[in-house]
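This report refers to the structure that appears directly beneath it.
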Amino acid sequence: MTRSEKLFEEAVKFIPGGVNSPVRAFGSVGMTPRFIASATGAYLQDADGNRYLDYIGSWGPMILGHANPLVLEAVQRACERGLSFGAATESEVDMARLICEMAPSVEMVRMVNSGTEAVMSAVRAARGYTGRDKIVKFEGCYHGHSDAMLVKAGSGVMTAGVPDSAGVPTGCTEDTILAVYNDTAGVQQLFDARGQEIAAVIVEPVGANMGVVLPEEGFLETLRSLCTKHGSVLIFDEVITGFRLAKGGAQEYFGIEADLVTYGKIIGGGMPVGAYGGRKAIMEVVAPVGSVYQAGTLSGNPVAMAAGLAQLTYLNEHPEVYTGLEKMGELLYGGMKAMCEELSLPYQVNHVSSLGCLFFTEGPVRNYTDAKKSDTEAFRGYFCHMLEQGVYLAPSQFEAMFLSAVHTEEEIRKTLDIMHDYFEKTKESY
């Protein structure tokens, strides 16, 4: 029995499912989770000493690679001054100023501790600002595990949401309205019917929790114009895309300004952190200025602020990082597309910059329904082979791959060779 297997055997006695987040479970791929002992650059090492080329990057924040020296040094200095004060610090001000400088439309920002908390707080602020209750979200877009966002996918436009998790009362989701990602006409219909009831539209500008689904031309623009016309708040959930697609995130990348934006992970350089920000008029409804209450003892934690400041400052001062990620993304995901064509694989590759996904399905993937057509058994075989060959992917068909600034051309070409060998050997089964 391996060390990871022994640890998992012990973990299931004390932790539900043996993991502290379901995305870490390997159940869907029929394996035991690898327990990670350390990480450096683009690599992970597990408790058994196995080394893996990492394409998760802690689900996105490790854009500069694991154990980046600048981030580590900043964290070490901050730790020497104290781990938590429960009081205002200079680093919070510096972080808020930097985010406002980098992100279009963000004039004020409030630090929190996770992406879930950021979304929950942004939605509350939007409701407080508009005096309305209804929230529009899109099937397949994940916005954390707060009650109002856990709505079953599959319902059509203008269908009231029903809970997608035990423990969520129906009343918590009755004001959440589902829409279909990339269905511009459907959203237009929804606003025609209920525009004056809608406090906010929340959307992942790139759907990165159903694999990777890109916004089609005109989709985000329509959301922006409809929210402006009807006095609703447009919320971009940039927990994945923020400061990853560009210095200004998806807002800059697609040229669309939201009213509120939520962030997580990446602004802490890997430390637990989140934030929400946006236009001053909206943010000033938040206490202690306004009547929308939100608080957190660990919000703006000095160690997390130090890590985030180090990473965001580097990204702000080195735009070549984003040029390099675009190049590496085209090499990896473009290479995957070429491989599918060469071997006549009935699969789809969606990608934008450093984010990408190989869908085990024939048709185009432009929404949640399309993504769910994927052959998860085929993915399982692929995942297991890649892991055995030292390539660490997300253990789910419906998650993204992440590149970092420290992935090299040689590593990407090696990854493509491993993929090619696997699909060439197994292509007769397709």
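For segment 237-318, the set of GluC sites (Glu not before Pro) satisfying both a DSSP loop assignment and a count of at most 16 other C-beta atoms within 10 Å is given as Glu284.
Cβ under 14 Å from Tyr382's Cβ, Tyr382 left aside: what net charge do those residues give with Lys, Arg +1 and Asp, Glu -1?
In short, -3.
The calculated 222 nm mean residue ellipticity attributable to helices in the chain amounts to -12000 deg cm²/dmol, summing -39500 (n - 2.57) over DSSP H runs of n ≥ 4 and dividing by all residues. Tell me whether segment 166-272 comes out rounded, prolate or oblate; compute the Cα gyration tensor, take square roots of the eigenvalues as a ≥ b ≥ c, and use a/c under 1.5 as the rounded threshold. Oblate is the answer for segment 166-272, as a/c is 1.5 or above yet b/c matches or exceeds a/b. Taking amide hydrogens as placed 1.01 Å from N in the peptide plane, the amide H of Ala179 sits under 5 Å from those of Lys137, Phe138, Glu139, each at least 5 positions away in sequence or on another chain. One compactness figure for the chain is 0.97, namely its Cα radius of gyration divided by 2.2 N^0.38 Å. Here the simple spin-label model places points 7 Å from the Cα toward Cβ, and for Gln189 and Ala87 these points are separated by 5.8 nm.
Surface composition of the chain: carbon plus sulfur atoms hold 50% of the accessible area, using a 1.4 angstrom probe and ignoring ligands, DNA and RNA.
Here Lys247 is the anchor, and the aspartates and glutamates within straight C-alpha reach of less than 18 Å, apart from those fewer than 8 places off in the same chain, are Asp94, Glu101, Glu107, Glu204, Asp237, Glu238, Glu257, Asp259, Glu317, Glu320, Glu326.
A protection proxy built from the mean count of other Cβ atoms within 10 Å ranks the segments 179-187, 84-92, 205-213, 348-356, most packed first, as 205-213, 348-356, 179-187, 84-92. Ranked by the mean number of other Cβ atoms within 10 Å of their residues, highest first, the peptides 11-18, 381-388 come out as 381-388, 11-18.
Within the straight-line cut-off of under 18 Å between alpha carbons, the aspartates and glutamates reachable from Lys13 are Glu5, sequence neighbours fewer than 8 places apart in one chain being disregarded. Candidate cross-link partners of Lys427 among the lysines, defined by an alpha-carbon separation under 28 Å and a same-chain spacing of 8 or more, comprise Lys337, Lys372, Lys373, Lys414.
For the chain, the solvent-accessible area of protein heavy atoms averages 42 Å² per residue (probe radius 1.4 Å; ligands and nucleic acids excluded). Within the shell defined by Cβ-Cβ distances under 9 Å, the residues around Ala126 carry a net charge of +2, with Lys and Arg each +1 and Asp and Glu each -1.
Quick note on segment 313-390: its Rg to Rh ratio, both from C-alpha atoms and Rh being the Kirkwood radius, is 1.06.
Under the shape rule built on the C-alpha gyration tensor, where the axes satisfy a ≥ b ≥ c, segment 260-377 is prolate, since a/c reaches at least 1.5 and a/b is greater than b/c.
Across segment 238-250, rounded Karplus estimates of 3J(HN,Hα) from the backbone phi angles (6.51 cos²θ - 1.76 cosθ + 1.60, θ = phi - 60°) give 10, 4, 8, 8, x, 6, 9, 6, 6, 4, x, x, 5 Hz, Gly and Pro being marked x. The slack between Val19 and Lys327, meaning 0.36 nm per residue of separation minus the straight C-alpha distance, is 107.4 nm. Antiparallel beta bridges, as assigned by DSSP with both residues in the chain, represent about 65 percent of the total such bridges. Taking square-rooted eigenvalues a ≥ b ≥ c of the alpha carbon gyration tensor, is segment 305-352 rounded, prolate or oblate, where a/c under 1.5 means rounded and, failing that, a/b exceeding b/c means prolate? The shape class here is prolate. A cut-off under 10 angstrom between Cβ atoms defines the neighbours of Gln294, and their net charge, with Lys, Arg +1 and Asp, Glu -1, is +1.
The values are calculated or read from the model by the stated rules, or taken from the named source; none is laboratory data. All values reported here derive from a predicted model rather than from experimental measurement. Here Cβ is always computed from backbone atoms with ideal geometry, including for glycine, and neighbour counts include all displayed protein chains. Accessible surface areas use protein heavy atoms only, side chains included; no ligands, DNA or RNA. Shrake-Rupley method; radii C 1.70, N 1.55, O 1.52, S 1.80 Å.
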